[in-house]
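A short write-up of the structure that comes next.
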Amino acid sequence: MNTEETSVIQPLLDSVNMIKKLFSIAIVLLMVVMPADAQRVDTVNVHSNAMDRDIPNLVILPAGYKDAYAMPVVYLLHGHGDNFTQWYKRTQPELPQLATQYGIIIVCPEGERSWYFDSPVNPKSQFETYVSTELVSFIDSHYKTIAHAWARAITGFSMGGHGGLWLGIRHPDVYGSCGALSGGVDFRAFPDNWNIKDQIGEYKDYKEVWDRSTVLSLADKVKPGQRICIDCGVDDFFYPCNVALHEALLKNKVPHDFTVRPGGHSHDYWRNAIFYQLLFFTESFKSATSKR
C-alpha cells in the first residue's frame, strides 16, 4: 500500500474505530440506566368461588417492580362486548409505560357482559363479588401491593365506567378512588340494549331493580373522602346521564372532578382520557400518603 492510499484509508479506519468505541460506551450506559427488570404483562387466571370457575386477567407491572417497594393498584374495566385484553391490546397499548411512569400496578379483569353486577338471575355472573373481593384478595396476596383502600382505584369505559363507579362507591373499604370514562351511569333509557336485562331482569318486570342498579342512584351514598373523577365527551350517547350524575353529586355536595371534552363513544376518546384519570389517581395516592 503506497503513501497516497494510506492517507485516504487511514481516516476511514479511524472513523470506524471511533464508532465502535462510541457504540460500546452506549451499550454500557444502557446497562447502567436500564432497570434490573423491564415492565411486564402477566395473564393470570383467578378462581372465583362465587361463580365456581376461573377468570382471566391482565396484570401490568412497571419496570423496576422486582426491586420496588409495595405499590398502589389501578383496576381498569372493559366495556360491553370486549374482554380483559381490550385495554392493553387496543384502547391504550402504552399502559406498561404508564405503569412505569406512575409507579403503579395496573390490573385489567375479565368482566364478560356482566355490567359488574352480582346478577340475581344468573349465578355464573357474580362479577361484583369477583372484582371487589376475590380478585383484590388474589392481587394483594400474589403481588407487592399496598393493601389499603387509599392505594386502590378503579375505573373503566362504557359498561366499565358504570362498573368503576358502581363498585367504587359501593365498596369504599376497597377502593379509595373511582372513576368512569363515558360511563353507562344510567342505562334505563336503553332497556333492550347490551344484555342488561340478562343480568337484572326485564325492565318492565323489575323497574325497581333497574332504578336502584344505576350509578345515579348512588349519588347520595358516597363516603366522605372518596375521590371521584368522571369524564365524558359531548357527542357521547351517555353524555346526558353523565351530566345528570354530575348535577346529582353537586346537589349532594359530593366533591368530584367532572371533565367534558369534544368526542364521542370511542377508543380514541378513552385512549386520551385515561392519561388524565391515571394522573388523578396517582395524585390521590400521593395525597393519601402525605397524610399518613
Fill in the blank from the handout: GluC sites (Glu not before Pro) in segment 41-126 lying in a DSSP loop, each with at most 16 other Cβ atoms within 10 Å of its Cβ, come to GLU94
Problem - Simple label model, 7 Å out from Cα along Cβ direction - LYS286 to ASP235, nm - result: 3.4
Completion exercise
Any trypsin sites (Lys or Arg not before Pro) in segment 150-226 that lie in a DSSP loop and have at most 10 other Cβ atoms within 10 Å would be LYS204
Practice task
Would you mind computing Rg(Cα) / (2.2 N^0.38 Å) for segment 143-292, counting N as its residues?
Solution key: 1.04
Problem - Table column - 3J(HN,Hα) (Hz), segment 162-167, Karplus curve with 6.51, -1.76, 1.60, x for Gly and Pro - result: 4, x, x, 7, 4, 6
Exercise for the section: For segment 195-292, with all protein chains present and a 1.4 Å probe, just round the carbon and sulfur fraction of the accessible area to a whole percent. Expected result: 53
Completion exercise
Expressed in µm² per second, the diffusion coefficient of the chain from the Stokes-Einstein equation, with Rh the Kirkwood radius over alpha carbon pairs, at 10 °C and 1.306 mPa s, is 77
Exercise for the section: Evaluate E = 1/(1 + (r/R0)^6) for ASP52 and LYS89, where r is the Cβ-Cβ distance and R0 equals 30 Å; express this FRET efficiency to the nearest 0.05. Expected result: 0.60
Problem - Centre separation in Å (Cα based) which lies between segment 157-218 and segment 224-269 - result: 14
Handout entry: Relative contact order [Cα under 8 Å, 6+ residues apart], the chain, whole percent
Key = 15
Practice task
List, in order, the whole-Hz ³J(HN,Hα) value for each residue of segment 104-109 obtained from phi through the Karplus relation with A = 6.51, B = -1.76, C = 1.60 and θ = phi - 60°; use x for Gly and Pro.
Solution key: 10, 9, 10, 10, 10, x
Exercise for the section: Sticking with the crude label model, points 7 Å out along Cα→Cβ, report the distance from ASP257 to ALA244 in nm, one decimal please. Expected result: 2.6
Handout entry: Using a Förster distance of 22 Å, the FRET efficiency for VAL41-TYR276 (Cβ separation, nearest 0.05)
Key = 0.45
Problem - Share of carbon and sulfur in the accessible heavy-atom surface of segment 109-161 [1.4 Å probe, %] - result: 54
Handout entry: Solvent-accessible area per residue, Å², over segment 140-218 with all protein chains present [probe radius 1.4 Å]
Key = 35
Exercise for the section: Grab the DSSP H runs of the chain that are 4 residues or longer, score each as -39,500 (n - 2.57), total them, divide by all residues and round the 222 nm result to the nearest 500 deg cm²/dmol. Expected result: -11500 deg cm²/dmol
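Around ALA273, under 13 Å between beta carbons, what's the net of Lys plus Arg minus Asp minus Glu among the other residues?
-2
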Exercise for the section: Run the numbers on segment 33-113 and let me know its relative contact order in percent, using alpha-carbon pairs under 8 Å that are six or more apart. Expected result: 36
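Return a whole-number percent for the relative contact order of segment 87-168, with Cα pairs under 8 Å and 6 or more residues apart as the contact set.
About 22 percent, as a whole number.
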Practice task
Search the structure for amide H atoms under 5 Å from the amide H of THR145, placed 1.01 Å from N in the peptide plane, and list their residues when 5 or more places away or on another chain.
Solution key: MET71
Problem - Point-to-point label distance, ALA147-ALA68, nm (Cα→Cβ direction, 7 Å offset) - result: 1.9
Handout entry: Cross-link table LYS223/LYS286; LYS253/LYS291; LYS223/LYS291; LYS89/LYS223; LYS144/LYS291; LYS124/LYS197, entries beyond 25 Å C-alpha to C-alpha
Key = LYS89/LYS223
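The values are calculated or read from the model by the stated rules, or taken from the named source; none is laboratory data. The structure presented is a predicted model; accordingly, all values stated were derived computationally and were not measured. Note that each Cβ is placed from the backbone with ideal geometry, even for glycine, and that neighbours are counted across all protein chains shown. Surface areas here come from the heavy atoms of the whole protein model, side chains and all, with no ligands, DNA or RNA. Shrake-Rupley method; radii C 1.70, N 1.55, O 1.52, S 1.80 Å.
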